[in-house]
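K.L.:
Take this structure, written in C-alpha cells, and hold onto it; I'll ask about it next.
The values are calculated or read from the model by the stated rules, or taken from the named source; none is laboratory data. In this text, all values refer to a predicted model and were calculated from it rather than measured experimentally. Here the Cβ positions follow ideal geometry from the backbone for every residue, glycine too, while neighbour counts run over all protein chains shown.
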Ligand code: C2E
Ligand code: MG
Ligand code: MG
Ligand code: MG
C-alpha cells in the first residue's frame, strides 16, 4: 500500500507515524519507573558452536514486563529509553545481571560459558562503562574473555572519536567485542580493520532467505571468508531452519544463534534447557 508511491505516499505513512507517537506517549511514563518497579527482565538466547553443536554461551536480551500490556520487546522501548536518557542506567543494569548469571551457569557445569551483552551508544559515550566492566570482572572473577560486548557499527561510526578509545580500553581489559547486525547499514569493511573487534555477527536479514536467495548466500559466504581472513570469528543470527544451519556449517561459520536452536528464554527456562544439554552430552 505504502509502496504505491506518488501523491499518496505521504498519506500512507501518516497512520504509522501517529501509531508510533501514540505508543510513545502511552509507554513513556511507565518506562520511567520500570527499573525501580523491577519490571525489567533479562532473557537469554543460546549460541552454539557450529561444528560441535555444543552450547558456547548466550546473548542477554532485555524484556519489559509491562503491568498491563505484558511482555514488550526491546525494539519498542529501547529507542524511548535512549531518548529520555535512561539507556545507560538500564543497559548497565543488564550488563550487571548478565555477568552475575553467567557466573552461576559457569559454576553449574558450563565452565566456558560466554555471555554476550548488547551495549548501546549512550553507554559507551556517557563514560563509566570501562570502570563498570572492570568492577564486574573483579567481583565475579569472570574470566575476561568470557564476557563479550556487542556493539552496532552505525553507533561507532557516528561517534568514532569518542567511541574508539573506550573500545580500545575495553579491549585492553581483555573483554571481547563483537560487531552486531553486520551486513545491514553501511557495514564498511574498513571498519572491521579499524575497530578492536574479535567477532562479527551476521545479521538475521542476511540469513533469512538462505537458501532461496543466492545473493544472500553469496554475501553470507563472503562475510564469513572475509572475517576469517581478518582472524575474526563469525556468529550467524536468526538461524531458523535446518537448511540455513547446514549451509552455515558448510561455510565454516563458527557459531549459530536462532530460533532453530532456541528462542530467548527466562532464567528458569534456560536452566531447564541447560539441564537437557547436559543429559544429551552424557
Ligand atoms: P540483536 O542484538 O541483534 O538481537 C537479536 C534479536 O533477534 C533478538 O530480538 C532476538 O530475539 C531475535 N532473534 C533471535 N533469533 C531469531 C530468529 O531465529 N528469528 C527471528 N526472527 N529473530 C530472532 P530482541 O530480543 O527483540 O531484541 C532486538 C534488539 O534490541 C537486539 O537486536 C538489540 O539490538 C536490542 N537489545 C536487546 N536487549 C538489549 C540490551 O540489553 N541493551 C541494548 N543496548 N540493546 C538491546
Ligand atoms: Mg546483539
Ligand atoms: Mg544482531
Ligand atoms: Mg538486530
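K.L.:
Within the stretch 184-210, which residues are modelled with pLDDT of 90 or more and away from ligand 1 (no atom under 15 Å from the Cβ)? Walk me through it before giving the result.
P.N.:
Our first condition is that a residue be modelled with pLDDT of 90 or more; within the stretch 184-210, this holds for 196-210.
Matches in the stretch 184-210: 196, 198.
K.L.:
Related question: Does at least one position in the stretch 162-183 carry a residue that is without any contact (Cβ under 8 Å) to a residue 24 or more places away in the chain and closer than 30 Å to residue 33 by Cα?
P.N.:
no
K.L.:
Also, I was wondering about something else. Could you grab the pairs with beta carbons closer than 6 Å, sequence gap of 6+ or different chains, first residue in the stretch 77-101 and more than 15 Å from residue 30 (Cβ to Cβ) and modelled with pLDDT of 95 or more, second one within 16 Å of ligand 3 (Cβ to nearest atom) and part of a loop (DSSP other than H, G, I, E, B)?
P.N.:
Close Cβ pairs (under 6 Å, with a partner that is within 16 Å of ligand 3 (Cβ to nearest atom) and part of a loop (DSSP other than H, G, I, E, B)) amount to 87/120; 91/120.
K.L.:
Identify, from the list 140, 73, the residue that is more than 23 Å from residue 232 (Cα to Cα) and within 16 Å of ligand 4 (Cβ to nearest atom).
P.N.:
Numbers: 140 fails: within 16 Å of ligand 4 (Cβ to nearest atom).
One residue alone meets the criteria, 73.
K.L.:
Can you find even one residue in the stretch 248-257 that is surrounded by 15 or more Cβ atoms within 10 Å (Cβ to Cβ), within 16 Å of ligand 4 (Cβ to nearest atom), part of a loop (DSSP other than H, G, I, E, B) and at negative phi?
P.N.:
Yes, the stretch 248-257 contains a residue that is surrounded by 15 or more Cβ atoms within 10 Å (Cβ to Cβ), within 16 Å of ligand 4 (Cβ to nearest atom), part of a loop (DSSP other than H, G, I, E, B) and at negative phi.
K.L.:
Now for a separate question. Return the pairs, sorted by first residue and then second, in which the second residue is more than 16 Å from ligand 4 (Cβ to nearest atom) and assigned to a helix (DSSP H, G or I), the first residue lies in the stretch 263-275 and is touching a residue at least 24 places away in the same chain (Cβ under 8 Å), the beta carbons are less than 7 Å apart, and the residues are 6+ apart or on different chains.
P.N.:
Hits for this filter: 265/273; 267/101; 274/105.
K.L.:
Sticking with this structure for a sec: Take residue 64 and tell me if it is outside any helix (DSSP H, G or I) and either more than 20 Å from residue 120 (Cα to Cα) or at pLDDT 90 or above (or both).
P.N.:
Considered against the rule, which asks whether it is outside any helix (DSSP H, G or I) and either more than 20 Å from residue 120 (Cα to Cα) or at pLDDT 90 or above (or both), residue 64 comes out as yes.
K.L.:
Would it be correct to say that residue 30 is assigned to a helix (DSSP H, G or I), farther than 30 Å from residue 114 by Cβ and at pLDDT 90 or above?
P.N.:
Values: assigned to a helix (DSSP H, G or I): yes; farther than 30 Å from residue 114 by Cβ: yes; at pLDDT 90 or above: yes.
Yes.
K.L.:
Which condition from (1) more than 26 Å from residue 137 (Cα to Cα); (2) within 16 Å of ligand 2 (Cβ to nearest atom) is the one that residue 176 breaks?
P.N.:
Single failed check for residue 176: (1).
K.L.:
Only one of 197, 223 is within 15 Å of ligand 3 (Cβ to nearest atom), touching a residue at least 12 places away in the same chain (Cβ under 8 Å) and assigned to a helix (DSSP H, G or I); which?
P.N.:
Values: 197 fails: assigned to a helix (DSSP H, G or I).
None of the others qualify; the one that does is 223.
K.L.:
Would you pick out the residues in the stretch 175-194 that are within 16 Å of residue 233 (Cβ to Cβ) and assigned to a loop (DSSP other than H, G, I, E, B)?
P.N.:
Listed by number, the residues that qualify are 175, 183.
K.L.:
For residue 81, are the conditions met, namely being in a strand (DSSP E or B) and under 16 Å from residue 123 (Cβ atoms)?
P.N.:
Details: in a strand (DSSP E or B): no; under 16 Å from residue 123 (Cβ atoms): yes.
For residue 81, the condition - in a strand (DSSP E or B) and under 16 Å from residue 123 (Cβ atoms) - is not met.
K.L.:
Tally the residues that are away from ligand 3 (no atom under 16 Å from the Cβ) and assigned to a helix (DSSP H, G or I), restricting the search to the stretch 200-215.
P.N.:
The qualifying residues number 2.
K.L.:
Okay, moving on. Within the stretch 159-173, can one find any residue that is in contact with a strand residue (DSSP E or B) (Cβ under 7 Å, 6 or more places away or on another chain) and surrounded by fewer than 20 Cβ atoms within 10 Å (Cβ to Cβ)? Give the derivation first.
P.N.:
Going residue by residue through the stretch 159-173, those that are in contact with a strand residue (DSSP E or B) (Cβ under 7 Å, 6 or more places away or on another chain) are 167, 170-171.
With the extra rule that they be surrounded by fewer than 20 Cβ atoms within 10 Å (Cβ to Cβ), the set shrinks to 171.
So far as the stretch 159-173 goes, yes, one or more of its residues are in contact with a strand residue (DSSP E or B) (Cβ under 7 Å, 6 or more places away or on another chain) and surrounded by fewer than 20 Cβ atoms within 10 Å (Cβ to Cβ).
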